[in-house]
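*Asks:* A single structure is presented below for examination.
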Amino acid sequence: MTATLDRAAGPAGAGPKRTATRRRPPVMRFIARRALSTSFLLVGVTAAVFAVSRFVPTDPVVANLGTEAAQDPAIVEAYREKHGLDQPLPVQYLTYLWRLLHGDLGQSIQTGQAVSADLAARVPATVELALAAMIIALLVSIPLGTVAALRRGKPSDKAVLGGTLLGMSAPSFWVGLVALYLFFFRLGWVPGGGRLSLEYVPPPSRTHLYTVDALISGDVALAMDAARHLVLPAAVLALPMIALLTRFVRSSILDVLGEDYVRNARAKGLGEPTVIVRYVLRAAAPQILTVVGLALANAFVGTLLVEQVFSWPGMGSYAYQSAIRLDFPAVMGVCLVITVAYIIINLSVDLLYGVVDPRMRVTT
Amino acid sequence: MTTPALSVRNLRVSVGSGESEVEILRGVDFDVRRGEILGIAGESGSGKTMAMRAVLGLLPHGARATGSAVLDGRDLVGLSQSELRTIRGRHIGMVFQDPTTSLHPMLRIGRQLTDHMRKHLGLRRAEAERRALDLLDDVRLPDPEQAMGRYPHQFSGGMRQRIAIAAALACNPTLIVADEPTTALDVTVQAGVLALLRRLCDEHGTSIVMITHDLGVLSELCDRVSVFYSGSVIESGSTRDVMDHARHPYTRALLDALPDQGLDDLRPMVPIAGTAPSAADRPAGCAFHPRCRFATVPCQTDPPGPRATGPDGAEPHTFSCTVDPFELRSVVR
């Protein structure tokens, strides 16, 4: 690890900011420091999740064996032994941690497979859904928020603000059902659920995102089918993000509009589109980025209900199925994935600040 | 005598309407001649910045301008924003007070120097960049090549202001409006920036309007001065006439309010009593009369018109005061 970092420090460390660098470039030091604090965070999360899962006032044995089998003490005993439920709690936890370190998330009670295998099959579907929702949200909210800011106080601005309030308060499972009824059942514009129609087989896996993989392999029809399955759940998932982001884009642009450099850009005789896109939006980008990170992280949680509605075979529906069956290893696996997703998204946002705002580059 | 670069006549700016209409600028006249530096002096709120924003068509939302401001034979008041966009940055360059905020913090210097050149002069990127290098050289920025790829925060305040001046100069404008360009700078770098403006004015024949409240800057840099008070020009003339023979009590009070400039000048510093009136609450008659040491009864009712002073044929020196308390003592200070 140190060797890689030092090698990476070579060319970058020779730059003009030598004093601030010492041996490793600041970015690498930043990541290293974050990795360290992250590992503590992860241990904490496992402890919390473990505690919650064990103190739920329901017996997983009953939940999984069924009332009949749970009557038989021998079966119950065998079941508890098989899943380690007969051990004292600290031992259970340490065993869990030890396996975790070896990449073993345990065995799902519900599917009978390794949780890591279940997640590997399902997380990409959720990632694809969340990313698609993010893209839709950005495409809608940035122009919408900008226009609202430029027309501040006018009816169109008020309409946008009112609309975003609705979008934020509408529960996504309800919106999902209504959308499904309308666009699938009534209009037939989109397929009813899942990631692909039955006649298609998934494309060769590279990114595990069907739309991207299909395009990489050059199968346009397959990509179209995947996209058609994707668009409605992604749009439903995007709705609260759009509401949140539009409001944020609007307020960050209002912040920037009064700045001297915007007045200066106008004093240079630049056209209004240039001023808005290159000067105003550019300056608002770090603020917007913060909320984009937040919205994306929330989307991972938001998929839980949306996936259920659209029979999307992702982590959200897996989490739902596991939770109602008290499938602890699976639930804990999902929690870990969400934690890691939050950490990765936050780290990416922090690193992207440096890309977007040159003033943040050296100071870490 | 050639026509002035900019000729402003009866320029008025007002906000609101009907009962609540407030006149921020009450009909100001001034000329900026070719190749000269005109100083516009006054306290904050006197309308000096508003006058130049009216000329540029960059008034705040809800403000209207009337009158005329003729630049190179073209009246800018009443032009549409799209017509003004072909003037701003092209024929009038603007330098703002604080270079920390007037340059975009996330765009490279090269970009901020070239975007308006490419728009106004139709230059290709490489041509614009070559010209930007010359400009940076011209404003004495060390190492222009490297500077082009850097961001504003990597320069000191003085260097940033030099960059801002280079950007204002980029399209070789007739006029540069510098709004307090040294106020935000350390005293030690102020002189350098002022000398740069003087040199650019002399070398390129660019006219400069220097908006400032710093009379030291005025006397050092400007050829002529217009003093603003509460939306009107109350005194104007050559810098020497106005500085050495100020006729308006307000100008005189401003000069007296300057701190000691050296050992040979041991007069006390006298602050001006009261505060400048707001445009919404302007006293009748002469706007300065409540603060004026020489105010008489007519000052409270009759707004004074401009009066000329000095010998005929010389540089005109006008002021607006009914009392003219310095009539006899105008030679001594």
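The values are calculated or read from the model by the stated rules, or taken from the named source; none is laboratory data. Because the structure is predicted, anything quoted here is derived from the model rather than measured. Positions of Cβ are generated from backbone atoms using ideal geometry, with glycine treated the same way; all protein chains shown enter the neighbour counts. Quick note on the areas: whole protein, heavy atoms, side chains included, nothing else; ligands and nucleic acids left out. Shrake-Rupley method; radii C 1.70, N 1.55, O 1.52, S 1.80 Å.
Residue-wise test of (1) out of contact with any strand residue (DSSP E or B) (no Cβ under 7 Å at 6 or more places or on another chain); (2) of a type in the set (Asp, Glu); (3) within 14 Å of another protein chain (Cβ to nearest Cβ).
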site	(1), (2), (3)
A:Leu245	yes, no, no
A:Val275	yes, no, yes
A:Gly293	yes, no, no
A:Arg325	yes, no, no
A:Pro329	no, no, no
A:Met332	yes, no, no
A:Asn346	yes, no, no
A:Gly354	yes, no, yes
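Residue by residue, here is whether (1) modelled with pLDDT of 80 or more; (2) among the basic types (Lys, Arg); (3) out of contact with any Gly (no Cβ under 9 Å at 6 or more places or on another chain) holds:
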site	(1), (2), (3)
A:Leu138	yes, no, yes
A:Pro143	yes, no, yes
A:Gly167	yes, no, yes
A:Ser172	yes, no, no
A:Leu177	yes, no, yes
A:Phe183	yes, no, yes
A:Val190	no, no, yes
A:Leu196	yes, no, yes
A:Leu209	yes, no, yes
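*Asks:* Report, ordered by the first and then the second residue, all pairs with beta carbons closer than 7 Å, sequence separation of six or more or different chains, a first member in the range A:254-271 that is polar (S, T, N, Q), and a second member that is crowded, with 19+ Cβ neighbours inside 10 Å.
*Replies:* A:Asn264/B:Met94; A:Asn264/B:Phe96; A:Asn264/B:Ser102
*Asks:* Just to be sure before I move on: is A:Asp327 among the acidic types (Asp, Glu) and under 30 Å from B:Leu175 (Cβ atoms) in the structure I sent? Step through it out loud before you land on a result.
*Replies:* Details: among the acidic types (Asp, Glu): yes; under 30 Å from B:Leu175 (Cβ atoms): no.
Considered against the rule, which asks whether it is among the acidic types (Asp, Glu) and under 30 Å from B:Leu175 (Cβ atoms), A:Asp327 comes out as no.
*Asks:* Can I ask one more? Tell me, yes or no, whether the range A:158-168 has at least one residue that is buried (at least 19 other Cβ atoms within 10 Å of the Cβ) and more than 30 Å from A:Ala284 (Cα to Cα).
*Replies:* no
*Asks:* When B:Pro173 is evaluated against the numbered criteria (1) within 11 Å of chain A (Cβ to nearest Cβ); (2) out of contact with any helix residue (DSSP H, G or I) (no Cβ under 8 Å at 6 or more places or on another chain); (3) under 29 Å from B:Leu218 (Cβ atoms); (4) without any contact (Cβ under 8 Å) to a residue 24 or more places away in the chain, which criterion, by number, is the only one it fails?
*Replies:* It fails just one condition, (4).
*Asks:* Of the residues B:Asp143, B:Asp186, B:Asp138, only one is open to solvent by less than 50 Å² (accessible area, probe 1.4 Å), out of contact with any strand residue (DSSP E or B) (no Cβ under 7 Å at 6 or more places or on another chain) and charged (D, E, K, R); which? Give the derivation first.
*Replies:* Numbers: B:Asp143 fails: open to solvent by less than 50 Å² (accessible area, probe 1.4 Å); B:Asp186 fails: open to solvent by less than 50 Å² (accessible area, probe 1.4 Å).
Exactly one residue qualifies, and that residue is B:Asp138.
*Asks:* Against the conditions (1) open to solvent by less than 30 Å² (accessible area, probe 1.4 Å); (2) charged (D, E, K, R); (3) within 14 Å of chain B (Cβ to nearest Cβ), where does A:Arg359 fall short? Just the number, please.
*Replies:* (1)
*Asks:* Quickly run through the range A:43-83 and pick out the residues that are open to solvent by less than 40 Å² (accessible area, probe 1.4 Å), free of Cβ contacts under 8 Å to residues at least 24 places away in the same chain and touching a helix residue (DSSP H, G or I) at 6+ places or on another chain (Cβ under 6 Å).
*Replies:* A:Ala69, A:Ala70, A:Val76, A:Tyr79 - these are the residues of the range A:43-83 that are open to solvent by less than 40 Å² (accessible area, probe 1.4 Å), free of Cβ contacts under 8 Å to residues at least 24 places away in the same chain and touching a helix residue (DSSP H, G or I) at 6+ places or on another chain (Cβ under 6 Å).
*Asks:* Within the range B:95-112, identify whether any single residue is open to solvent by less than 40 Å² (accessible area, probe 1.4 Å) and of a type in the set (D, E, K, R), and answer yes or no. Write out each step before concluding.
*Replies:* The first filter runs over the range B:95-112 and keeps only residues open to solvent by less than 40 Å² (accessible area, probe 1.4 Å), leaving B:95-96, B:99, B:102-107, B:109-110, B:112.
With the extra rule that they be of a type in the set (D, E, K, R), the set shrinks to none.
No, every residue in the range B:95-112 fails to be open to solvent by less than 40 Å² (accessible area, probe 1.4 Å) and of a type in the set (D, E, K, R).
*Asks:* Shifting gears a bit: Restricted to the range B:20-37, and to residues that are part of a loop (DSSP other than H, G, I, E, B) and open to solvent by 20 Å² or more (accessible area, probe 1.4 Å), which residue is modelled with the lowest pLDDT?
*Replies:* Filtering the range B:20-37 for residues part of a loop (DSSP other than H, G, I, E, B) gives B:21, B:33-36.
Then drop every residue that is not open to solvent by 20 Å² or more (accessible area, probe 1.4 Å), which leaves B:21, B:33-35.
Values: B:Glu21: 86, B:Arg33: 92, B:Arg34: 91, B:Gly35: 90.
Per the criteria, the residue is B:Glu21.
*Asks:* Right, another one. Picking from A:Gly193, A:Gly271, which residue would you name as being surrounded by fewer than 20 Cβ atoms within 10 Å (Cβ to Cβ), among the small types (Gly, Ala, Ser) and within 14 Å of another protein chain (Cβ to nearest Cβ)?
*Replies:* Details: A:Gly193 fails: within 14 Å of another protein chain (Cβ to nearest Cβ).
The match here is A:Gly271.
*Asks:* Here's a follow-up. Restricting to the range A:192-207, what's the tally of residues that are more than 24 Å from the chain's Cα centre (by Cα) and of a type outside the set (A, V, I, L, M, F, W, C)?
*Replies:* Taking the range A:192-207 as the starting set, the residues that turn out to be more than 24 Å from the chain's Cα centre (by Cα) are A:197-201.
Those left that are additionally of a type outside the set (A, V, I, L, M, F, W, C): A:197, A:199-200.
Selection size over the range A:192-207: 3.
*Asks:* With respect to B:Ser68, is the statement that it is open to solvent by 10 Å² or more (accessible area, probe 1.4 Å), more than 28 Å from B:Val217 (Cβ to Cβ) and in contact with a strand residue (DSSP E or B) (Cβ under 9 Å, 6 or more places away or on another chain) true? Even if it seems obvious, please write down each step before you answer.
*Replies:* Working: open to solvent by 10 Å² or more (accessible area, probe 1.4 Å): yes; more than 28 Å from B:Val217 (Cβ to Cβ): yes; in contact with a strand residue (DSSP E or B) (Cβ under 9 Å, 6 or more places away or on another chain): yes.
In short, yes.
*Asks:* Answer yes if at least one residue in the range B:78-90 is of a type in the set (Asp, Glu) and crowded, with 20+ Cβ neighbours inside 10 Å, and no otherwise. Full working, then the answer.
*Replies:* First, pick out the residues of the range B:78-90 that are of a type in the set (Asp, Glu): B:83.
Still in the running and crowded, with 20+ Cβ neighbours inside 10 Å: none.
Within the range B:78-90, none of the residues are of a type in the set (Asp, Glu) and crowded, with 20+ Cβ neighbours inside 10 Å.
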